[in-house]
Amino acid sequence: MNLPNKLTLLRIILTFIMTAALTIPGFPYGKAAAFLIFIVAAFTDFLDGRLARRGHGITPFGQLMDPVADKIMVSAAFVCFVALDNIVPAWIVIVIISREFLITGLRLLAVSDGIILQASRLGKHKTVWQVITIVVVLIGLTLRDDLLPLLPPGSTASDLSESFIQHIFPRLVFAVSLLVAMLTVLSGSVYLYINRHLLVTR
């Protein structure tokens, strides 16, 4: 259990805290807190891989659990977005989570054969866009629920923020969510095809 692996476990713990901040009614500045927690959790994803390659050791546990921790973090955030006013369409979230279950199942199948499957380059691009989408949504929620109520009613800043929340924010979220859905399907299909030998030999 080296430092990178501890950071991987920390990311899972932070995911549960983020979920609580997003979904518990009356959580003070919950959306802003969830945004900050997610940024820290995403940074641990960058940091644990960097530390593992810089001499702390790449372990089978890390190779398996690092992408699992990413999937938990991303899936939890998107499920919360469906629960919060259906900000991200439910069908997109179902596509994302279904892909993660399929790929995780494939990795577990590979482990039973003594093989550790690492994330593909396309899969990493998919994860980056998932993180971007989550950040966009959390910023919008922070503005809408935590910051906008603090502005004086009728002020220029209040009017601009209200316009952003009502008109620009929903369209932006749908656009990036749709992009993520397409990348999710594409990356999952390519990953399954490349590793199809694990399935056809069963």
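The values are calculated or read from the model by the stated rules, or taken from the named source; none is laboratory data. None of these values were measured; they are calculated from a predicted model. Counting neighbours? That spans all protein chains shown, and the Cβs are built from the backbone with ideal geometry, glycine included.
Assorted remarks:
- Residues that are in contact (Cβ under 8 Å) with a residue 60 or more places away in the chain and not in a helix (DSSP H, G or I) within the range 75-91 comprise Leu84, Ile87, Val88, Pro89, listed in sequence order.
- The range 110-139, residues that are in contact (Cβ under 8 Å) with a residue 40 or more places away in the chain and not hydrophobic (A, V, I, L, M, F, W, C): Asp113, Gln118, Ser120, Gly123, His125, Lys126, Thr127, Gln130, Thr133
- When residues in the range 161-181 are screened for being charged (D, E, K, R) and either farther than 22 Å from Val128 by Cβ or in contact with a helix residue (DSSP H, G or I) (Cβ under 8 Å, 6 or more places away or on another chain) (or both), 1 of them pass.
- Any hit, the range 101-111, residues being over 11 Å from the mean Cα position of the chain (by Cα), surrounded by 18 or more Cβ atoms within 10 Å (Cβ to Cβ) and within 21 Å of Leu179 (Cβ to Cβ): yes
- Enumeration of residues in the range 4-24 that are of a type in the set (Lys, Arg) and crowded, with 20+ Cβ neighbours inside 10 Å: Arg11
- Residue match in the range 168-176 (condition: without any contact (Cβ under 8 Å) to a residue 60 or more places away in the chain, closer than 30 Å to Ala110 by Cα and in a helix (DSSP H, G or I)): no
- Selected residue (criterion: nearest to Phe174 (Cα to Cα)) from residues of the range 92-126 that are assigned to a helix (DSSP H, G or I) and of a type in the set (S, T, N, Q): Ser98
- A single entry from Thr8, Thr19, Thr15 fulfils the requirement of being farther than 30 Å from Leu148 by Cα, out of contact with any strand residue (DSSP E or B) (no Cβ under 7 Å at 6 or more places or on another chain) and either modelled with pLDDT of 80 or more or outside any loop (DSSP other than H, G, I, E, B) (or both): Thr8.
- Whenever a residue of the range 94-109 is within 10 Å of Val185 (Cα to Cα), its partners that are among the hydrophobic types (A, V, I, L, M, F, W, C) and modelled with pLDDT of 90 or more, lying with C-beta atoms within less than 6 angstrom and at least six residues away or across chains, give the pairs Val95/Ala181; Ile96/Phe78.
This table checks each residue for (1) modelled with pLDDT of 90 or more; (2) among the aromatic types (Phe, Trp, Tyr); (3) more than 23 Å from Pro89 (Cα to Cα).
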position: Leu148; (1), (2), (3): no, no, yes
position: Phe169; (1), (2), (3): no, yes, no
position: Met182; (1), (2), (3): yes, no, no
position: Leu186; (1), (2), (3): yes, no, no
position: Val190; (1), (2), (3): no, no, yes
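- Criterion applied to Ile58, Ile97, Ile115 was being among the β-branched types (Val, Ile, Thr) and either under 18 Å from the mean Cα position of the chain (by Cα) or modelled with pLDDT of 90 or more (or both), and the one residue passing it is Ile97.
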